[in-house]
Amino acid sequence: MFFFKKSNILDLVQNKITDIVKTIVESSSKKIINVGSIPNVIIERNKNVNYGDFSTNIAMLLGFPQEQTINIAKEIVGNLNKKYFEKISVSHPGFINFSIANKFSTSILFEIIKKRSKFNKKKKTKLNYNIEFVSANPTGLLHVGHARNAVIGDILATIMQDRGINVTREYYINDAGNQIDKLAISVLIRYLQLFGKKVELFEDSYHGNEIKLVASHLKEKYGNEFIDIEFDNTNFSPSFQTNANKIKKFSIDFLLDKIKNSLDQLGVRFDVFFSESNLYKSNIIDEIINNFGNYIYEKDGALWLRTTLLNDDKDRVLRKSDGTNTYFLPDIAYHIIKLSRGYDKIYDIWGADHASYAERMKIALQLFGYHHKKLEILLMQMVRLTKNGQEFKMSKRSGNSLTLNDVIQIIGKDQTRWLLSSQPLSKHLEINIDNINLRNENNQLFYVQYAHARIFKIIKMISFDVPKNFNLLTHKFEKQIISLLNIYESTLDKIVLSSNINILNIYLLNLSRLFHSYYSQVRIIDKTNLELSKQRYWLIFCVKQVIANGLRLMSIEAADSI
């Protein structure tokens, strides 16, 4: 659904149609098959300009018999103020098509010219959101799968801020539990090997080259301090636990610093880094268990949460019979801590393999007393990176991982951000590195940046005053460009509602395609018609500005030359 400013003609039309529909429904309720709440009026841009600039299917959603739908559409049209339109038509089976009058549709150009880089910004609202993303365990370097999560979270947060929402970007550091013990033991083994010790990594150790790097720096700082530590595959001996904690802290800090550096190279920043270990330094977890009340019970020496009350297939263990917590319990505590800060909504971006866990988390928060809409969990499919027909492997334990730093070095920050945001979260993403050096539409970012650079070259060569109107912009491409510019702001609002940031990629690509077609078929600067040249000059200026604004939201350079 698209949302427009009150000053925008489409918003006026939308509100008017809503009023008309209410009147029709109220006066014709006996004729309606499915009487219920009146659906939202949705006005969308037509892909085929022969049907007009925009259309709505509201007449087909009211529940009237099919043979009456056309008449209902005509009744709606009959009550519209025609001064806003060049043409209104009704097409089968009940679409209402609008061609906005030139003086109203081109008003967007004056707005872009006036506001420029601030064109797409909304005033600050009172809404406060939290987006937690990446949150990769500090047991290795970031790979391209983590990078997709990072780009999605960062761009979504930026767009939300652009729409006036206050956003906190948060990274949850999983620095407690078995995986950290495993990390420390892996580092210790590599450290001992540096002293010639005959020890080998366990099968489920971390085998990546970064573990060797950590061990090397550990030796540099501590010398031979740890060469007598005893351990097995799961634990350090109690007598050496103090030294083991030093190894854990050093390893976590070292790898987290590398992670932050990679994120910085990608242009991703965070406001908060929250440490899981902090949960255990207070009694917050026990307090949360007590506040669940009767929703928690004991069975077989373990503590269980009654998640089946909200349609889970079975109740879930929070604390095992040996007294240790499951992963679920500290995760619940962390989400409750976030919500206790007063956010209107919190977002998590997780891998698609966590789908069942996501539902479980929502259930837990509902049992704790939070509305289910307070938490939005976005599930992201994985990334497949290929070159020369071969896939790069990304397992941290295999030692054969392609790191985020590698990806940025190969294809650059901007290409990385564009490619990782180019598909819906729900779709598996395949990136063919062989395409990144192409200078055509198959390299989408090049194509968008090329549009910006082409326009920059034109406006740098010549200058015109802003025209009094744009009445000469009647070419089909000009109408299509203006129509697309009219939905830029609403496109951003749609992203906030759906969390699919690739909608912006699609928008910028479509706008660039239109411009390139326009450029190839129309003489923009025509010395025989200076007034037309002036209007076309400022039209493409607006295209350039919106491309720049959109790429800025993606933290990608617009490029004045390419």
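If you take every residue apart from Val90 with its C-beta less than 11 Å away from the C-beta of Val90, what net charge results, scoring Lys and Arg +1 and Asp and Glu -1?
Result for the local shell: 0.
Give the residue from Gly164, Asn174, Ile100 lying farthest towards the positive end of the charge dipole for the chain; charges sit on Cβ (+1 for Lys and Arg, -1 for Asp and Glu) and the dipole is referred to the Cα centre.
Value: Ile100.
Quickly work out the Lys123-to-Glu225 label distance, labels modelled 7 Å from Cα along the C-beta direction, and quote it in nm with one decimal.
Taking the two extended label points, one gets 5.7 nm.
Just the number, please: percent antiparallel of the DSSP beta bridges in the stretch 289-387, rounded to the nearest 5.
55 percent
Roughly how many nanometres apart are two label points built 7 Å out from the Cα toward the Cβ at Arg384 and Lys527?
A separation of 5.6 nm, rounded to one decimal place.
Please compute the net charge surrounding His372, taking Lys and Arg as +1 and Asp and Glu as -1 over other residues with Cβ under 12 Å from its Cβ.
That sum, taken over residues with Cβ under 12 Å, equals +2.
How much FRET efficiency would the formula 1/(1 + (r/R0)^6) give for Thr474 and Asp315, where r is the Cβ-Cβ distance and R0 is 60 Å, rounded to 0.05?
With a Förster radius of 60 Å, E is 0.35.
Within 10 Å, count the other beta carbons around each residue, average over each peptide in 149-161, 256-268, and list them highest first.
Listed from highest to lowest mean packing, they are 149-161, 256-268.
Past 24 Å, Cα to Cα, is the threshold; run Lys122/Lys260; Lys494/Lys544; Lys248/Lys338; Lys246/Lys320; Lys115/Lys468 against it and keep the listed order.
Check vs 24 Å cut-off fails for Lys122/Lys260; Lys248/Lys338; Lys246/Lys320.
Charges on Cβ only, +1 for Lys and Arg, -1 for Asp and Glu, centred on the Cα centroid of the chain; of Ile285, Ala358, Asn40, which one is farthest towards the dipole's positive end?
Asn40
Based on DSSP H runs of at least 4 residues, each adding -39500 (n - 2.57), what is the mean residue ellipticity at 222 nm of the chain after dividing by all its residues, to the nearest 500 deg cm²/dmol?
Mean residue ellipticity at 222 nm (helix-derived): -14500 deg cm²/dmol.
Angle check, please: helix 178-194 long axis (alpha carbons) against the longest principal axis of the chain (alpha carbons), in degrees 0 to 90, nearest 10.
In the chain, helix 178-194 runs at an angle near 60 degrees to the longest axis.
Would you work out the relative contact order for the chain, in percent, from Cα pairs under 8 angstrom that are 6 or more residues apart?
Once normalised by length, the contact order is 16 percent.
Given +1 on the Cβ of Lys and Arg, -1 on the Cβ of Asp and Glu, and no further charges, what dipole in debye does the stretch 227-358 carry about its Cα centre, rounded to the nearest 20?
The calculation lands at about 300 debye.
For the stretch 303-436, go through all pairs of different Cα atoms, get the mean of 1/r, take its inverse, and jot down that Kirkwood value in Å.
That comes to 17.7 Å for the stretch 303-436.
State to the nearest 20 debye the size of the charge dipole of the chain about its Cα centre, where the only charges are +1 on K and R beta carbons and -1 on D and E beta carbons.
The dipole of the chain has a size of about 2520 debye.
In whole percent, and with a 1.4 Å probe on the protein chains, what portion of the accessible area of the stretch 44-85 is carbon and sulfur?
On the stretch 44-85, the fraction of accessible area on carbon and sulfur atoms equals 42 percent.
Output the antiparallel fraction of DSSP beta bridges having both residues in the chain, as a percent to the nearest 5.
50 percent
Residue by residue, what Karplus-based ³J(HN,Hα) values in Hz, rounded to whole numbers, does the stretch 479-486 have, using 6.51, -1.76 and 1.60 with θ = phi - 60° and x for Gly and Pro?
5, 5, 4, 4, 4, 6, 4, 5
Taking only the alpha-carbon positions of the chain and ignoring solvent, what does the Debye formula give for the base-10 log of I(q)/I(0) at q = 0.05, 0.07, 0.10 Å⁻¹?
Calculated log10 I(q)/I(0) at the listed q: -0.29, -0.55, -0.98.
Determine the sum of side-chain charges near Phe54: Lys and Arg each +1, Asp and Glu each -1, restricted to other residues whose C-beta is under 13 angstrom from that of Phe54.
Summing Lys/Arg as +1 and Asp/Glu as -1 gives 0.
Decide, for the stretch 514-562, between rounded, prolate and oblate: order the square roots of the alpha carbon gyration tensor eigenvalues as a ≥ b ≥ c, take rounded if a/c falls under 1.5, and otherwise choose prolate if a/b is larger than b/c, else oblate.
The shape class here is prolate.
As an exercise, identify the chymotrypsin sites (Phe, Trp or Tyr not before Pro) in the stretch 410-478 lying in DSSP coil whose Cβ has no more than 14 other Cβ atoms within 10 Å.
Taking the stretch 410-478 and a limit of 14 other Cβ atoms within 10 Å, no loop chymotrypsin sites (Phe, Trp or Tyr not before Pro) are found.
Among Lys249/Lys281; Lys212/Lys413; Lys87/Lys476, which pairs are too far apart, with a Cα-Cα distance over 21 Å?
Checking Cα-Cα distances, Lys212/Lys413 exceed 21 Å.
Taking the Cα centre of the stretch 149-207 as the origin, how large is its charge dipole in debye, to the nearest 20, when only Lys and Arg (+1) and Asp and Glu (-1) carry charge on their Cβ atoms?
Roughly 200 debye for the stretch 149-207.
With axes computed from alpha carbons, what is the tilt in degrees of helix 144-162 against the longest principal axis of the chain, rounded to the nearest 10 within 0 to 90?
Once rounded, the angle reads 50 degrees.
Show me the trypsin sites (Lys or Arg not before Pro) within the stretch 106-203 that DSSP assigns to loop and that have at most 12 other Cβ atoms within 10 Å of their Cβ.
Lys123, Lys124, Lys126, Lys197, Lys198
Run the simple label-point estimate for Gln193 and Leu438 please: 7 Å along Cα→C-beta, distance reported in nm.
4.1 nm
Over the Cα atoms of the stretch 161-275, what radius of gyration and what Dmax do you get, in Å?
Both quantities, over Cα of the stretch 161-275: 16.8, 60 Å.
Using only the alpha-carbon atoms, how far is helix 66-78 inclined from the longest principal axis of the chain? Give it as 0 to 90 degrees, nearest 10.
The two axes meet at around 70 degrees.
Mind jotting down the distance between the C-alpha centroids of the stretch 460-492 and the stretch 312-337, whole Å?
56 Å
Write out the trypsin sites (Lys or Arg not before Pro) in the stretch 426-506 meeting two conditions: DSSP loop, and at most 14 other Cβ atoms within 10 Å of their Cβ.
Lys427, Arg439, Lys468
The values are calculated or read from the model by the stated rules, or taken from the named source; none is laboratory data. Since the structure is predicted, the reported quantities are computational estimates derived from the model, not experimental observations. Heads up, the Cβs are rebuilt from the backbone with ideal geometry, glycines too, and the neighbour counts pull from every protein chain shown. All accessible areas refer to the heavy atoms of the entire protein, side chains included, with ligands and DNA or RNA removed. Shrake-Rupley method; radii C 1.70, N 1.55, O 1.52, S 1.80 Å.
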